[in-house]
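**Q** If you scroll down you'll find the structure; I have some questions about it.
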Amino acid sequence: MEAAEQPVLIDVEQAQRMLDVLGLPRDEPVILSRWWKDGDRLNMNHYPRKNAGDGYDWAALQVERFYEAVAAEFRPGIDSFGFVPERGGIAYDKRKEITEVRFLKYEIDDASMSLEEQFETWRRAGLPPPTLVLFTGGKSLHFWWRLKTPLPLDEGIVALKRLQEAIRQATPGVKLDPKMESPAQPMRLAGGIHPGTRQRSTIYAADGRWYEASEILSLCPEITVKARAAKDDGGLFRAEEGKPAKPGEYPEPDELTLPIPLRLGLSRATYERIHRGDKEGVRAKSAYDIARSLQESKAMIEFLGYRVEEDPIELFEVYCRNSDWCGYEGFDFCVERHFAGPDEVGTGQLSKSALERSIATWAEETGQWRWKPTWSPGRGFASQKTADVSRDRTGPKDRKHLPLHSRLDLFERFLRRSLRRHRNPFRRMVFLRAVVKQLDLGQVVKEKDLPERVVAAMSQRMGGRYQALTAEQRRALQLSEVVWLVPGVIPAGDLTFVGGRPKVGKTLLVVDLIRCLLNGEGWLGFPSTGVKHAVIFVTDDQGDRDTKAMLTRQGLWDHERLLWSSSFRLDEQQLDQLLDDIKANPGAVVVVDSLRSISRGLTTNENDAALGVLLYDLKSAVMAAGGSLLMIHHASKTSNEVGVEALSGHSSIPGAGNSVVTLHYLPAKDGKSVQKDIPERRLFREGRSGSETPDLVVRIGPAGQFTRIQTYEDFLGKQEEVSRSKRLSDQSQLVQDALCKLLERRDQRLPAIGTLELLRLAGGCDESVRIKADLGNDSKHKHLERRLKAFEKEGCPPTMKLAGRRQARWPVG
């Protein structure tokens, strides 16, 4: 597809200048990196790619720096750009690629500090000027010192920790990113665009000096470093402090039907800390320590041959939630900054025997295993495997015997895990139904409650819970700015509805919007973002010939960035295909016509809350794939409401979206009917994002292109002015006709007549009217009488003669 025209994604000149200042020779390979978040997982690609299963062969790497390859796949607002500074590869634990450290570095991870305050931290610690300081494009600085003589790996890791400790002691309470302690940590490179702020990373200061390690470390405090594990010989475990556990005193892996909870490999204090959380000021370092301990627990349990129940990130999420997301906006930021990977583990918190005994106690409590001493000649008593524990592992695991609270806990854990593992909501629901059945929870967890439980878990995972923020916390809060497809109208990375009555022009409106998105043009007078988007257009609600005609009139039928499908249903297979297309076209806008059409065949309909839940799930899947969703939905035929209230169906449907744009016929002059035979329409928008609420009159052109005419308020004002002028014109004509009738009567020498009779003669009322009460509306009668009295007062004919006390009679004299 045609490349999107947008600002330069990677400023190669800036990137190369940073590498030059840091002293990376141009004839030495450099591994570039691109990373992004997918839900709570951090994904990363490296350029050049490593050898599958073998890692990097440094001596065979090309010297070429793959800037173009990164730029070709880079997605603004989603991806980050950087490099791995140490030579050898990207790992130093499982694969011994990185063997030395030639850079000391740290990052201030504290949004409450200005860049100027951050820059003073190295001076406050008494350190020499950094070789280079990088502005990340976000709210932090990276500080670099290049070493003349690289340190061996273990000494280098200790040196990185000592540098951070020096900064902490010099600036109490400062938050640092603990990931900087890893030699394998990819670092931002100048020239890239920060996904949160859309600002470019730039060199903030460049001294260029290199240092001997002693010049820096002599100014840093000594620290005690936790010993790293030697996994190949069981170095994951602490030293035994008592009598080792013997075989038979704990279950073998094949004796257990359930996987081992991660908490069994943690100390009681750590487990309580996870559920209690930490106070502000110690969260950043604590979060990283907690993540490492969870990875160590998993590694120890797997080393013994057992299956592990949870992923470390699940308990890490519990800790972050209870620690107010470590001062960030949500869980994704905690993962990006503080989650430790499997390669970063050290020695765990338990000895091998302590873990085995902990597993034995848990296995007895859950009824899977029981220690039973047996006696044999010459050997005495020994442990015996429980006879009633089934050894057949071929059938499904029976967990129905567990207590209700245990089964509910298992279901909740599986639900949270399914949000990460199953992006497809249909597949996820199939697994959830199976789990409810396996755990015999059908009487407690109803089928109709599953969608609401999914949404509640999603909301909780995204930080949706009560949390009262103090003024200080609000000042430190980092909030990302809204990214727009159409500024102030349609947000990117969210769901927007386009609604209206049948045949009002909804599809024409979105086709016109598609044209602007594909070509990077402004829409209806709103400014353009300058980005040319890929668009996936689903026209399930109209025929292919009509679609082709619409697209052809707009010049879009052959457009390279447009993908079109004439059919789509909300089922598992088709949704997977859609998500694959979004991932293949980063930032794609998915336009669906219409909700009612694609939901045919489902057990739910638009009047059920479950459809809103399904939409919420669909939106989340599209967003996770990197796309935006625009959904056409019908409005009531009889309702005159606009915006959210105009959409038909359950209120949970618009609740799943961010914005609603509705299109309406303009009201007729009588205010009761609508004008269907004119090309003008009313366009109204409301939403959670954006400060404006556009209410416009637009016109549909011959090719289906929409143009802004005026605001709806101006339209109503002009309509009222025209109506008032016409009423005045009509009434002035009535007076003229009445005067003509009086002149005729004068010429015929007829007697004076009353106002009502004159009104009837002038055609101002029906011939059948005989008394004033028959008029119904006496405005014309009053107007005529008032004007004739004005003529009389001015001394002009006609003259007024009273006949009786109430009725005026008009001759011409």
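The values are calculated or read from the model by the stated rules, or taken from the named source; none is laboratory data. Quick caveat, the model's predicted, so the values are computed rather than measured. A quick note on method: Cβ atoms are made from the backbone with ideal geometry, for glycine too, and the neighbour counts reach across all protein chains shown. Just the protein is used for accessible areas: all its heavy atoms, side chains included, with ligands, DNA and RNA removed. Shrake-Rupley method; radii C 1.70, N 1.55, O 1.52, S 1.80 Å.
**Q** Among the residues of the range 472-509, what is the count of those that are modelled with pLDDT under 90 and of a type in the set (Ser, Thr, Tyr)?
**A** Qualifying residue count, the range 472-509: 1.
**Q** What are the pairs, 6+ residues apart or on separate chains, where a residue within the range 564-585 that is assigned by the TED database to the domain that holds Asp540 has its Cβ under 6 Å from a residue that is of a type in the set (Ser, Thr, Tyr) and outside any helix (DSSP H, G or I)?
**A** Ser566/Thr539; Leu570/Ser599
**Q** Scan the range 24-40 and tell me whether some residue there is modelled with pLDDT of 90 or more, surrounded by fewer than 16 Cβ atoms within 10 Å (Cβ to Cβ) and of a type in the set (A, V, I, L, M, F, W, C).
**A** No - not one qualifying residue is present in the range 24-40.
**Q** Something else now. Are any residues in the range 659-680 open to solvent by 20 Å² or more (accessible area, probe 1.4 Å) and either outside the structural domain of Leu629 (by the TED database) or closer than 29 Å to Val622 by Cβ (or both), and if so, which ones?
**A** Listed by number, the list holds a single entry, His664.
**Q** Let me ask something else about it. Does any residue in the range 144-169 that is over 22 Å from Leu189 (Cα atoms) and in the same structural domain as Leu22 (by the TED database) come within less than 6 Å, Cβ to Cβ, of a residue that is of a type in the set (Phe, Trp, Tyr) and open to solvent by 10 Å² or more (accessible area, probe 1.4 Å) six or more places away or on a different chain, and which pairs are these?
**A** Hits for this filter: Leu153/Tyr92.
**Q** Condition (residue is surrounded by fewer than 19 Cβ atoms within 10 Å (Cβ to Cβ), in contact with a Cys (Cβ under 7 Å, 6 or more places away or on another chain) and not in a strand (DSSP E or B)) applied to the range 172-187: is it met by at least one residue?
**A** Checked the range 172-187: no residue is surrounded by fewer than 19 Cβ atoms within 10 Å (Cβ to Cβ), in contact with a Cys (Cβ under 7 Å, 6 or more places away or on another chain) and not in a strand (DSSP E or B).
**Q** Can you find even one residue in the range 741-760 that is in a loop (DSSP other than H, G, I, E, B) and either in contact with a helix residue (DSSP H, G or I) (Cβ under 6 Å, 6 or more places away or on another chain) or β-branched (Val, Ile, Thr) (or both)?
**A** So in the range 741-760, the residues in a loop (DSSP other than H, G, I, E, B) come out as 748-752.
Subset that is either in contact with a helix residue (DSSP H, G or I) (Cβ under 6 Å, 6 or more places away or on another chain) or β-branched (Val, Ile, Thr) (or both): none.
There is no residue in the range 741-760 that is in a loop (DSSP other than H, G, I, E, B) and either in contact with a helix residue (DSSP H, G or I) (Cβ under 6 Å, 6 or more places away or on another chain) or β-branched (Val, Ile, Thr) (or both).
**Q** On to the next question. Criterion first (in a loop (DSSP other than H, G, I, E, B), among the small types (Gly, Ala, Ser) and closer than 16 Å to Gly627 by Cβ) does Gly493 satisfy it?
**A** Details: in a loop (DSSP other than H, G, I, E, B): yes; among the small types (Gly, Ala, Ser): yes; closer than 16 Å to Gly627 by Cβ: yes.
For Gly493, the condition - in a loop (DSSP other than H, G, I, E, B), among the small types (Gly, Ala, Ser) and closer than 16 Å to Gly627 by Cβ - is met.
**Q** Which residue pairs have Cβ atoms closer than 7 Å, lie 6 or more positions apart in sequence or on different chains, and pair a first residue in the range 429-443 that is at pLDDT 85 or above with a second residue that is outside any helix (DSSP H, G or I)?
**A** Short answer, once both residue conditions are applied: Val436/Gly442; Val436/Val445; Gln438/Pro396; Gln438/Arg399; Leu439/Arg399; Leu439/Lys400; Asp440/Lys400.
**Q** Of the residues that make up the range 712-720, is at least one of a type outside the set (Asp, Glu) and in a strand (DSSP E or B)? Before you say what the answer is, go through the steps one by one.
**A** Filtering the range 712-720 down to residues of a type outside the set (Asp, Glu) leaves 712, 715-719.
Adding the requirement that they be in a strand (DSSP E or B) leaves none.
Within the range 712-720 (the criterion being of a type outside the set (Asp, Glu) and in a strand (DSSP E or B)), the answer is no, since none of the residues qualifies.
**Q** What are the residues in the range 244-288 that are of a type in the set (Asp, Glu) and either more than 28 Å from Ala471 (Cβ to Cβ) or modelled with pLDDT of 85 or more (or both), if any? It would help to see each step written out before you state the result.
**A** Filtering the range 244-288 down to residues of a type in the set (Asp, Glu) leaves 249, 252, 254-255, 272, 278, 280.
Answer for the range 244-288, where residues must be of a type in the set (Asp, Glu) and either more than 28 Å from Ala471 (Cβ to Cβ) or modelled with pLDDT of 85 or more (or both): Glu249, Glu252, Asp254, Glu255, Glu272.
**Q** Sticking with this one: Tally time: how many residues in the range 317-360 are of a type in the set (Gly, Ala, Ser) and in a helix (DSSP H, G or I)? Let's see the steps before the verdict.
**A** Let us first name the residues in the range 317-360 that are of a type in the set (Gly, Ala, Ser), namely 323, 327, 330, 340-341, 346, 348, 351, 353-354, 358, 360.
Adding the requirement that they be in a helix (DSSP H, G or I) leaves 327, 353-354, 358, 360.
Of the residues in the range 317-360, 5 are of a type in the set (Gly, Ala, Ser) and in a helix (DSSP H, G or I).
**Q** Can we say Thr507 is among the hydroxyl-bearing types (Ser, Thr, Tyr) and assigned to a strand (DSSP E or B)? Walk me through it before giving the result.
**A** Numbers: among the hydroxyl-bearing types (Ser, Thr, Tyr): yes; assigned to a strand (DSSP E or B): no.
So Thr507 does not fit the description; no.
**Q** From Ala646, Ala624, Ala635, grab the single residue that is surrounded by fewer than 22 Cβ atoms within 10 Å (Cβ to Cβ), assigned by the TED database to the domain that holds Pro702 and not β-branched (Val, Ile, Thr).
**A** Values: Ala646 fails: surrounded by fewer than 22 Cβ atoms within 10 Å (Cβ to Cβ); Ala635 fails: surrounded by fewer than 22 Cβ atoms within 10 Å (Cβ to Cβ).
Selected residue: Ala624, the only one of Ala646, Ala624, Ala635 that is surrounded by fewer than 22 Cβ atoms within 10 Å (Cβ to Cβ), assigned by the TED database to the domain that holds Pro702 and not β-branched (Val, Ile, Thr).
For every residue, the table says whether it meets (1) charged (D, E, K, R); (2) crowded, with 20+ Cβ neighbours inside 10 Å; (3) more than 26 Å from Val642 (Cβ to Cβ); (4) touching a residue at least 24 places away in the same chain (Cβ under 8 Å).
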{"position": "Val486", "(1), (2), (3), (4)": "no, yes, no, yes"}
{"position": "Pro491", "(1), (2), (3), (4)": "no, yes, no, yes"}
{"position": "Arg515", "(1), (2), (3), (4)": "yes, yes, no, yes"}
{"position": "Gly525", "(1), (2), (3), (4)": "no, no, no, yes"}
{"position": "Lys548", "(1), (2), (3), (4)": "yes, no, yes, no"}
{"position": "Gly555", "(1), (2), (3), (4)": "no, no, yes, yes"}
{"position": "Glu560", "(1), (2), (3), (4)": "yes, no, yes, yes"}
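**Q** Within the range 596-634, track down each residue that is of a type outside the set (A, V, I, L, M), modelled with pLDDT of 85 or more and assigned to a helix (DSSP H, G or I). Let's see the steps before the verdict.
**A** First pass over the range 596-634, keeping only residues of a type outside the set (A, V, I, L, M): 596-597, 599-601, 603-608, 612, 616-617, 619-620, 626-628, 633-634.
In the following step, the residues that additionally are modelled with pLDDT of 85 or more were identified as 596-597, 619, 626-628, 633-634.
Selection gives Arg596, Ser597, Lys619.
**Q** Test Gly156 against the criterion of being in a helix (DSSP H, G or I), open to solvent by less than 10 Å² (accessible area, probe 1.4 Å) and not hydroxyl-bearing (Ser, Thr, Tyr), and give yes or no. Steps first, please.
**A** Numbers: in a helix (DSSP H, G or I): yes; open to solvent by less than 10 Å² (accessible area, probe 1.4 Å): yes; not hydroxyl-bearing (Ser, Thr, Tyr): yes.
Yes: the conditions hold for Gly156.
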